[in-house]
Each structure stands twice: as structure tokens, then as C-alpha cells.
1. Around D5, with a cut-off of 10 angstrom between Cβ atoms, what is the net charge of the other residues, counting Lys and Arg +1 and Asp and Glu -1?
2. Share of Cα-Cα pairs in the stretch 4-129 beyond 22 Å, in percent?
3. State the answer as a single residue: which of N116, V7, I64 lies farthest towards the positive end of the charge dipole of the stretch 4-129, with beta carbon charges of +1 for Lys and Arg and -1 for Asp and Glu, about the Cα centre.
4. Counting pairs of alpha carbon atoms under 8 Å apart in space and at least six apart in sequence, what relative contact order in percent does the chain give?
5. Could you calculate the contour length gain from E8 to N116, that is, 0.36 nm times the residue separation minus the distance between their Cα atoms, to one decimal place in nm?
6. With r as the distance between the Cβ atoms of S61 and K30 and R0 = 25 Å, compute the FRET efficiency 1/(1 + (r/R0)^6) and round to 0.05.
7. About its Cα centre, what dipole magnitude does the stretch 4-129 give when the only charges are +1 on Lys and Arg Cβ and -1 on Asp and Glu Cβ, stated in debye to the nearest 20?
8. Suppose each label sits 7 Å from its Cα in the direction of the beta carbon; what would the E89-D17 distance come out to in nanometres?
Amino acid sequence: MIKPDAVEANNTGKIIDMIIDAGFSIKAMKLTHLTKGEAETFYAVHKERPFYGELVDYMTSGPIVAAILEKSNAVEDFRKLIGATDPAEAAEGTIRKQFAESKAKNAVHGSDSDENAEIESNFHFSEREIVG
Ligand code: CMP
């Protein structure tokens, strides 16, 4: 996902360019707006964390771009491309280093495993919205 802070700041195109330049192909993509219930479900794994309420409020504060990306070693390579959760700790050249405002408003989300990538893909897209 490209998160509300990055969409609002008109960084969507630059972020997509970086993703394509890094060798990912886009299998599905849409601009959408999560409802509170959807954001709560998407981040249910963080329900007990102190930042959960803030995270849900933020993720519903404006439109997001959801995408399914394909590449060999995609999960690990995408996490390298986006950088650390906290932009202060993100490496030079990463998406978060360049575009994230803070640990909460951190520009992008990437799945943390192949299993979660499949769950999150199915959360955002129906089969007919996915290319190939
Ligand atoms: P993301 O990769 O989408 O996964 C969980 C999100 O929770 C994370 O990016 C951040 O946006 C958010 N998050 C993680 N830690 C904190 C924190 N300490 N304070 C606020 N938000 C956080």
C-alpha cells in the first residue's frame, strides 16, 4: 500500500517509478479509501499495540493505493526497497527515507511474508482485478 501521507503529498507516481525500477511488476493496482472496519481488519495483528487506534485513524484519513507486486524474492526485496519502519532508521535510497514523515506516517506498507502477501492481496482485490 501507498499510505495516505504519500498519496496526499502527490508522491504516488514517484513511488511507483521506484517500485518498477527495482524490478517489480504490477499485477493489480487501485486508488481506494479504507473504511474503519477494513483498516481494523487489515491491521488486526497489531490490535494489542498502543499505536493501533492511531494507526487505524491514520489509515482511514485519506485515500491509499493498494497494489499486488510480483518479483522473485518479492517480500524480502520489497522490504529492502521500502526501508525500516522508522524513516529515521531507513537506509539512503529507500522509499521511506525519501518520503516517510514518521514511524506512523511512513509512506508505504509491504507484506512481511508470502503467506501474508496472499492474505493481503485477497483483502484488497478480487480475482478478476488481478492481471495474468
Ligand atoms: P506497516 O508496515 O504498515 O505495519 C504496521 C504499521 O504500524 C507500521 O507500518 C507503522 O505505520 C505503524 N507503526 C509501527 N510502529 C509504530 C509506532 N511505534 N507508532 C506509531 N505507528 C507505528
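1. Numbers: positive: K3, K105; negative: E8, E101.
Result for the local shell: 0.
2. Details: 2537 of 7875 pairs.
Cα-Cα pairs in the stretch 4-129 separated by more than 22 Å: 32 percent.
3. Working it through, the farthest residue towards the positive pole turns out to be V7.
4. Numbers: 190 pairs, mean separation 42.9, N = 132.
Computed over the chain, the figure is 32 percent.
5. Value of the extension gain: 36.2 nm.
6. Numbers: r = 18 Å, r/R0 = 0.72.
After rounding, the FRET efficiency stands at 0.90.
7. Working: 14 positive and 23 negative charges, 46 e Å.
The dipole magnitude comes to about 220 debye.
8. Between E89 and D17, the simple spin-label model gives 3.0 nm.
Here, each number is a calculation from the coordinates, and none is a lab measurement. Just so we're clear, the structure is a prediction, and the values are computed from it rather than from any experiment. Virtual Cβ from ideal backbone geometry, glycine too; neighbours counted across all protein chains shown.
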